[in-house]
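Q: The structure that follows is given in the form of structure tokens.
The values are calculated or read from the model by the stated rules, or taken from the named source; none is laboratory data. Note that the structure is a prediction, hence the values are computed from the model and not measured. All Cβ positions, even for glycine, are placed from backbone atoms using ideal geometry, and neighbour counts span all protein chains on display. When the accessible area is computed, the model is the full protein with side chains, heavy atoms only, and any ligands, DNA or RNA have been set aside. Shrake-Rupley method; radii C 1.70, N 1.55, O 1.52, S 1.80 Å.
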Amino acid sequence: MATLGIELCDAAFHAASCDAQDLRPVAITDAGGQTDWPGYASYDGKNFCFGRSAEDQRFIHPRRVTHTFWARLAHEPSSIGPAGKPAAYSELAYHFFTDVIRGLPAAATAGRTVLAVPGAYLKDPATEEEKIGLLLGMAADLKLPVAGIVDLACAALCDPRAPGFNPARPVAVVDLHLEGADVTLFCTGERLERKDFIHLPQSGSAQLLKHLTGTMGNRFLRHTAFDILEDGRIEQSFFRQTKDFLLTGAAEHRFQINTASRNYEMLAKREQLASDALAFVTTLVQGLQGFLQNSPHASDACTLALTDRAAALPGLEARLHAAGFHRILRLPVGAAACGAARIGETRLTPAADLADVPVETAVPIALARRSVSAAWETHLQKLRASGSPRPSPTHVILDGIGHPLGASGRFSIGVAGLGADLVLPDAFSAADSWVLPLVHDGGRLWLVDTALPRSAGVAPAAARSSIEAGDRLTIRCGSAAAELWFAHCGTAGSSRAHD
């Protein structure tokens, strides 16, 4: 019988099923056919509703909606429910979880279930006892054959679909929940083990989306002279479009509001979304930096693994690169659900007594999605040509395809899953996480050798080499090799907008 993994993140619940070697995400479908499950609950005076349908009431009836019950899982009363008798956070969580299981036909046939829970649930013994006890009570009432509970970030690093990380370095998982961001630091030996954790309360996706809806709404007002605040349903529609724009990663989105008298439209660019999110991203990066600087288990060679929710933040990766983080992985959607299912299928069995259900923040290193360690070699071969200096290149050519280098800032070359501007061929996919930065400075393009020592964060002169049109860069890692040629195209221009 298959193992069911459930990812309990209030920004978006996910599920996965694993049967021997067959691991696959499983959709959770609500009564309206929707498959996204944010941790929202609403009360209309008679009935509760949960997930997407509750989120769709956020701006229409804001006082009837709450999204904090998973973060505050306890017996304390919430802000919604019958007059004089509001529902407890734990009651809302139970009914929400009941709807999730109802939308999961795989739950009825699963031989075992593993829950991937937020790191904040496991931050200390008292918190763990309360929150895990409530979860196990829900699971017992729903007759789920729980085999284990695992830290969400730990499970995400065990998803076999994910890009591998170098086990020789610490790895920090960055995740977004509705009420804050979680950063979990792992070290490896015989086990992938959680060593440190922090919850950043001002960096939740609920706060971000409220801010983005407001800034985009103000832009819409200036562009169309129509105020989205005129009606709660209109604001709700605008919120939905803003959220879809954020999560899809689209380069642009056409906002549309239809009224009885006319239609209003505005084309928005992702650069505008990134600009609006800049303060949010800056706060998150500063919190991450402070956490890693103060942790005795971190190091300068730390790898960052971004969940799909964190990776969707516009401008985050660029900000992280600017802050000195060069090893960045993107985890797939539902990574924790898939990892939990794999952990359960590999090594867990349903407990006869709920008191015996293991709660894990570490797993054998063999279960982690590690990269294959191999030495990287780069060799820049200069074109031997006499005469006047050659121009700075506008494009880098790989396998016959030219990629615009831009005219300023940073251009990165790396393996898949790291958010590099130029992704190396599939032959490098099993190699160690690696990014090679090229930097525009003083009207020239420079190859930066990140392996050389730095002083006060500044690369020494010997750590970079000038690149000119006609130069060739050879990259090798194990048996994988690639040759990149640099060229100057005077008519096509050098802006990345041409890509």
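Q: Given H placed 1.01 Å from N in the peptide plane, which residues other than close sequence neighbours of Arg191 have an amide H under 5 Å from its amide H?
A: Excluding prolines and chain starts, which carry no amide H, the hits are Ile365.
Q: On to the next question. Compute the long axis of helix 232-248 from its Cα atoms, compare it with the longest principal axis of the Cα atoms of the chain, and write down the angle in degrees, 0 to 90, nearest 10.
A: Once rounded, the angle reads 50 degrees.
Q: Across the range 419-428, in residue order, what do the Karplus-derived ³J(HN,Hα) couplings come to in whole Hz, using 6.51 cos²θ - 1.76 cosθ + 1.60 with θ = phi - 60° and x for Gly and Pro?
A: Couplings: x, 6, 5, 10, 8, 5, x, 4, 4, 8 Hz.
Q: Taking only the Cα atoms of the range 273-315, how large is their convex hull per residue, in Å³?
A: 73
Q: When the Karplus curve 6.51 cos²θ - 1.76 cosθ + 1.60 is applied with θ = phi - 60°, which whole-Hz ³J(HN,Hα) does each residue of the range 59-71 get, with x for Gly and Pro?
A: So the Karplus estimates, Gly and Pro as x, are 9, 7, 10, x, 6, 9, 10, 9, 9, 9, 5, 6, 5 Hz.
Q: Once the range 291-367 is represented by equal point scatterers at the alpha-carbon sites, with solvent omitted, what log10 I(q)/I(0) does the Debye formula produce at q = 0.15, 0.21, 0.26 Å⁻¹?
A: Per q value, in the given order, log10 I(q)/I(0) is -0.75, -1.07, -1.25.
Q: Report Rg (one decimal) and Dmax (nearest whole number) for the range 137-207, counting Cα atoms only, units Å.
A: 14.8, 43
Q: Here's another thing I want to ask about it. Check which residues have an amide H placed less than 5 Å from Thr394's amide H, if you skip close sequence neighbours.
A: For Thr394, the qualifying residues are Ala487, His488, Cys489.
Q: Mind checking the per residue accessible area of the chain for me, 1.4 Å probe, whole number of Å²?
A: Counting only protein heavy atoms, the per-residue value for the chain is 44 Å².
Q: May I pose another question? If one computes the Cα centroid of the range 222-298 and of the range 305-373, what distance in Å separates the two points?
A: The range 222-298 and the range 305-373 have Cα centres separated by 27 Å.
Q: What is the pair-distance distribution P(r) of the range 194-249, computed from all Cα-Cα distances in 10 Å bins starting at 0, with each bin given as a whole percent?
A: 21, 44, 21, 10, 4, 0
Q: Could you state the angle between the C-alpha long axis of helix 278-294 and the longest principal axis of the C-alpha atoms of the chain, as a value from 0 to 90 degrees rounded to the nearest 10?
A: Value to nearest ten degrees: 90.
Q: Explain nothing, just compute: Karplus ³J(HN,Hα) = 6.51 cos²θ - 1.76 cosθ + 1.60, θ = phi - 60°, for every residue of the range 184-201 in order, whole Hz, x for Gly and Pro.
A: 10, 9, 10, 10, 10, x, 7, 10, 7, 10, 5, 10, 7, 7, 8, 10, 9, x
Q: Also, I was wondering about something else. Helix 335-347 versus the longest principal axis of the chain: what angle, 0 to 90°, nearest 10, using Cα atoms?
A: Value to nearest ten degrees: 70.
Q: Percent of Cα-Cα pairs per 20 Å bin, from 0 to the last occupied bin, for the chain, please list those.
A: Taking every Cα pair in the chain, the percentages come to 21, 51, 25, 3, 0.
Q: Give, in nm to one decimal, the length gained when the segment between Ala260 and Ala407 is fully stretched (0.36 nm per residue of separation minus the Cα-Cα distance).
A: 48.2 nm
Q: List the aspartates and glutamates whose Cα lies under 13 Å from the Cα of Lys195, skipping any in the same chain that are fewer than 8 positions away.
A: Asp124, Asp151, Glu360
Q: What Kirkwood hydrodynamic radius do you get for the range 256-333 when you take the inverse of the mean 1/r over all pairs of distinct Cα atoms, in Å?
A: 14.7
Q: Any idea what % of Cα-Cα pairs in the range 94-238 are farther than 25 Å?
A: 50
Q: Which of the aspartates and glutamates could be linked to Lys269 by a straight reach, that is with a Cα gap under 17 Å, when you skip same-chain ones fewer than 8 residues away?
A: The reachable aspartates and glutamates, counting only those whose Cα sits under 17 Å from Lys269, are Asp244, Glu252, Asp499.
Q: Order 43-55, 285-297, 150-162 from most to least packed using the mean count of other Cβ atoms within 10 Å.
A: 150-162, 43-55, 285-297
Q: Next question. Over the range 72-155, one equal point on each Cα, no solvent: what is log10 I(q)/I(0) by the Debye formula at q = 0.16, 0.22 Å⁻¹?
A: -0.69, -1.14
Q: Follow-up question, since we're still on this one. Along its principal axes, what span do the Cα atoms of the range 1-149 show, with the longest given first and each in whole Å?
A: 49, 39, 23
Q: Amide H neighbours of His177 under 5 Å, counting only residues 5+ apart in sequence or on other chains, H built in-plane at 1.01 Å?
A: Distant-sequence amide H within range of His177: Asp182, Ser205.
Q: Still on this structure, please answer the following. Run lengths n ≥ 4 of DSSP H only: what is the helix-derived mean residue ellipticity at 222 nm for the chain, with -39500 (n - 2.57) per run over all residues, to the nearest 500?
A: -8000 deg cm²/dmol
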